1. Given an 8 Å cut-off on Cα distances and at least 6 residues of separation, report the relative contact order of segment 16-152 as a percent.
2. For Thr151 and Asp75, what is the calculated FRET efficiency with R₀ set at 25 Å and r taken between the beta-carbons, to the nearest 0.05?
3. Where Lys and Arg each count +1 and Asp and Glu each count -1, what net charge lies around Leu65 among other residues with Cβ under 10 Å from its Cβ?
4. Give, as a single signed number, the net charge of other residues whose beta carbon lies under 13 Å from the beta carbon of Glu126, with Lys and Arg counted +1 and Asp and Glu -1.
5. Just the number, please: Stokes-Einstein D of the chain in µm²/s, Kirkwood Rh from C-alpha pairs, 20 °C, 1.002 mPa s.
6. Could you list Val96, Val120 so that the one with the fewest beta carbons within 10 Å of its beta carbon is first and the one with the most is last?
Amino acid sequence: MLAMFLAAAATAQSPAPHETDAAITIAQAMAPREQLRGLILATLSRATTAAMIEGKLGREATSKLFATETAGAVDRHGDEWADLLAAAYRDTLTPVELATAQAAFRSGDRTAMAPLMQRVGPVMQERATPLLNKAVTEVLAAAYEKMGKETAR
C-alpha cells in the first residue's frame, strides 16, 4: 500500500500546461490529504513512542490525541503532499499516459490505473518519505508533550 502511493527517482521535464493540469487533476482524484492522513496513522501504529504514549494514556485517549495531531499535520503538509503527488505523476508518465490516467479516474476504471500507479508509487515514495517522516515526528512530539502534561496532573 505504502509503495503504491509513494516514490523512486525520475527525470524531471518541463511540462506543457495541459500536462500540469492533468497531473494535478489526477493527484486530486487520489485524495492526497486523506492519503497523507492514512499514512501518518499507519506509521504511528508501528512507532515505539506511540506504544509508550498508549501505555500511559490508554488506547481511546491516544487514538483521539493522534487523530487531532494528525489533522494538524495534514493541514500543515497536505498541500505539499498533493504537489509531490502531482509532480510524481507529471515526471513519471508521458502526456499520453497522463491523459489515459485522467480518463481512467473520470470513468472510475481502477484496472486501467493500476499499472500507472505502480510506476508512480516508487517515485512518490522516494520523494515523499521525508515529508511523511517529518509529519509523523511532529505528531509524536506533540502527543508526547501532551502526554507529559496529562500525566503530570
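Please treat every number below as a calculation from the coordinates, not as lab data. Since the model is a prediction, treat every value here as computed from it, not as a measurement. Reconstructed Cβ throughout: ideal geometry from the backbone, glycine too, with neighbour counts over all protein chains shown.
1. 40 percent
2. After rounding, the FRET efficiency stands at 0.40.
3. -2
4. My count for the surroundings of Glu126 gives +1.
5. Value of D from the Cα-based Kirkwood radius: 130 µm²/s.
6. The order, fewest Cβ neighbours first, is Val96, Val120.
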